[in-house]
1. Can you tell me the orientation of helix 35-53 relative to the chain, as the angle in degrees between its alpha-carbon axis and the longest Cα principal axis, to the nearest 10?
2. Counting only pairs 8 or more places apart or on different chains, how many lysine pairs in region 5-67 have C-alpha atoms closer than 29 Å?
3. Scan region 1-55 for GluC sites (Glu not before Pro) in coil per DSSP, keeping those whose Cβ has at most 12 other Cβ atoms within 10 Å, and list them by number.
4. Above 14 Å lies some portion of the pair distances; for the chain, what is it as a whole percent of all C-alpha pairs?
5. Hey, got a sec? Which chymotrypsin sites (Phe, Trp or Tyr not before Pro) in the chain land in a DSSP loop and have at most 13 other Cβ atoms within 10 Å?
6. Each label point is 7 Å from the Cα along the Cα-to-Cβ direction; what then is the distance between the points at residue 67 and residue 1, in nm?
7. Which distance in nm do the two modelled labels at residue 38 and residue 50 give, with both placed 7 Å along the Cα-to-Cβ direction?
8. Sorted from fewest to most neighbouring beta carbons within 10 Å, what does the list 34, 11, 27 look like?
Amino acid sequence: MLEAVQILKDSQGEARFAVLDFQEYLSVKNLLSSTEQLEDYLDYLHIQQVKRRTVKKWSLAEVKQELGFE
């Protein structure tokens, strides 16, 4: 969502406006008007952030060993 957005800046280089495809605008408008959809999207964004923070991937054997099951 919002991958193809053009940012218009003022004379000081500050972002002032965003130009986006009308279909994307309608999608964003629909998302923001539905509490349930917005909650789902925010959950999705949170999960993506957590995934990026998680550095170590544990194998099943490592987890079992760490928990003392083996």
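Taken together, the values in this text are just the output of simple stated rules run on the coordinates, not laboratory data. Note that the structure is a prediction, hence the values are computed from the model and not measured. Heads up, the Cβs are rebuilt from the backbone with ideal geometry, glycines too, and the neighbour counts pull from every protein chain shown.
1. 60 degrees
2. 4
3. Of the GluC sites (Glu not before Pro), the ones in loops of region 1-55 whose Cβ has at most 12 other Cβ atoms within 10 Å are 3, 14.
4. Roughly 76 percent, once rounded to a whole number.
5. Values: sites: 17, 22, 25, 41, 44, 58, 69; in loops: 58, 69.
Taking the chain and a limit of 13 other Cβ atoms within 10 Å, the loop chymotrypsin sites (Phe, Trp or Tyr not before Pro) found are 58, 69.
6. According to this spin-label approximation, the distance is 3.5 nm.
7. So the two model labels end up 2.2 nm from each other.
8. Ordered from fewest to most neighbouring Cβ atoms within 10 Å, 34, 11, 27 come out as 11, 34, 27.
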